[in-house]
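Following: one structure in structure tokens, then a few remarks.
Throughout, read-outs are computed from the coordinates displayed, never taken from laboratory work. Keep in mind the model is a prediction, meaning the values are calculated, not measured. Using ideal geometry, Cβ is built from the backbone for each residue, glycine included, and neighbour counts are taken over all protein chains shown.
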Ligand SMILES: C[S@@+](CC[C@H](N)C(=O)[O-])C[C@H]1O[C@@H](n2cnc3c(N)ncnc32)[C@H](O)[C@@H]1O
């Protein structure tokens, strides 16, 4: 595929809108077979915003796990929403996973833009983008059931905040329902 990403942010564009355009652009570059094999049907921006609006967490420091991030539109929409309802937000950390090597530069571009957008708001933003299979990489942990399941609170020793847990829940749920 063409490695040049001919998509740049528009002035004052929301990160979710940029992620949306990156996703659309990417899917135009790959074959239907590639999309099918990788399950690459990205969440449209209006749906991402709707899903984000179900989150009612008011914290100043949040951590998000985005397993199968694509162009990170779910994280972008969630962050935009949380920043709006919590004007005192001061730090956001994301751990994102993506298995499609061709897609990684798009994920990175979206996350870099998100970072700049947050820095402009005075919010510290750290992200780690893993080119790795989330399930395989965490198989031993998942096997030991050390990560919270969708329906139970995490154990305190794991130092996973309820916020983090709930965001994980939402992101896991979003990825699950998209099959
Ligand atoms: C259905 S798309 C969703 C992308 C994005 N979260 C969204 O809502 O638009 C799933 C993405 O996860 C990636 N993926 C699939 N299985 C994965 C795995 N086990 N670990 C990490 N990424 C994975 C695919 O390459 C694809 O880009």
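Provide 142, 78, 51, 65 in ascending order of the number of other Cβ atoms located within 10 Å of each residue's Cβ, fewest first. Ordered from fewest to most neighbouring Cβ atoms within 10 Å, 142, 78, 51, 65 come out as 142, 51, 65, 78.
Sort all Cα-Cα distances of the stretch 4-122 into consecutive 10 angstrom bins from zero, then give the percent of pairs in each bin up to the one containing the longest distance. With a bin width of 10 Å, the distribution comes to 13, 47, 31, 8, 0.
What is the stretch 1-56 by shape, rounded, prolate or oblate, if you read a ≥ b ≥ c off the alpha carbon gyration tensor as root eigenvalues and call it rounded for a/c under 1.5, prolate for a/b larger than b/c, and oblate otherwise? Since a/c reaches 1.5 but b/c is at least a/b, the shape of the stretch 1-56 is classed as oblate. Cβ crowding within 10 Å ranks 53, 16 as 53, 16, fewest other Cβ atoms first.
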